[in-house]
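Bear in mind these aren't lab numbers, they're just calculated from the coordinates by the rules spelled out. Bear in mind the structure is a predicted one, so any value in this text is a computation, not a measurement. Methodologically, a virtual Cβ is constructed for each residue, glycine included, from the backbone with ideal geometry; neighbour enumeration extends over all protein chains shown.
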Amino acid sequence: MHHVEQWLQTLPPVLVYLIVTLVIGVESMGIPVPGEITLITASLMAIGGVTNPWFVAIAASVGAIGGDSLGYLFGRRGGRGLLERFGRRFPRHFGPAHLARAERMFKRWGVWAVFFGRFVALLRILAGPLAGALHVPYRKFLVANAAGGIVWSFGTTFVIYFVGRVAEKWLKDFSYIALIIAVVGGIATTLVLRHRATAAHKKAEEEAAAEEREASLPA
């Protein structure tokens, strides 16, 4: 994260917004790049006035919605075979176990796995291509995709921004403390959302496993 922040600090704001859109868009298409780290860094830069938080959030939303839609299109055309090929190329992110877990979440939550997936690293990458491969109706996908992308983008950006601004106001002579508080606040919020989504995911897996055991028992 430190290297990403240093690099973004050297760029003009317009380029930062474009990079936010591009990186988050590429991640949402199904390619494992640091989208969340890029968004957090750009949000921290807004505290010092380097970027505008509204533009950061909008750029992230555009990347999330557009990237997921392209991922959906690729998944629709390539099917499960495309995801399996990605799994061989990126086994740490798209291995058979990852794909199986993501499919269980889709079966449990339906199209809203796309919404919740925005807060879970695994589904943030897989949601678009997997929804396309499973032939989820695009209209339903788009609603969940847009809702999740907007909530995640604006929520992450403005939580970090407002926590940092309040900290700066109270701790004007200790800007490094304000930065630490902003980072901790942003990470804590992300972890809470991720924990809730992961807990729901785990519960869904346990229930699915229980149903499979019951189905395998002799009548």
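Over the range 103-149, the reciprocal of the mean inverse Cα-Cα separation, the Kirkwood hydrodynamic radius, stands at 10.0 Å. Sorting the segments 38-45, 51-58 by their residues' average number of neighbouring beta-carbon atoms within 10 angstrom, most packed first, yields 38-45, 51-58. Figure legend: label point modelled 7 angstrom from the Cα of residue 138 along Cα→Cβ; residues of the range 42-69 with amide N under 13 Å from it are 69.
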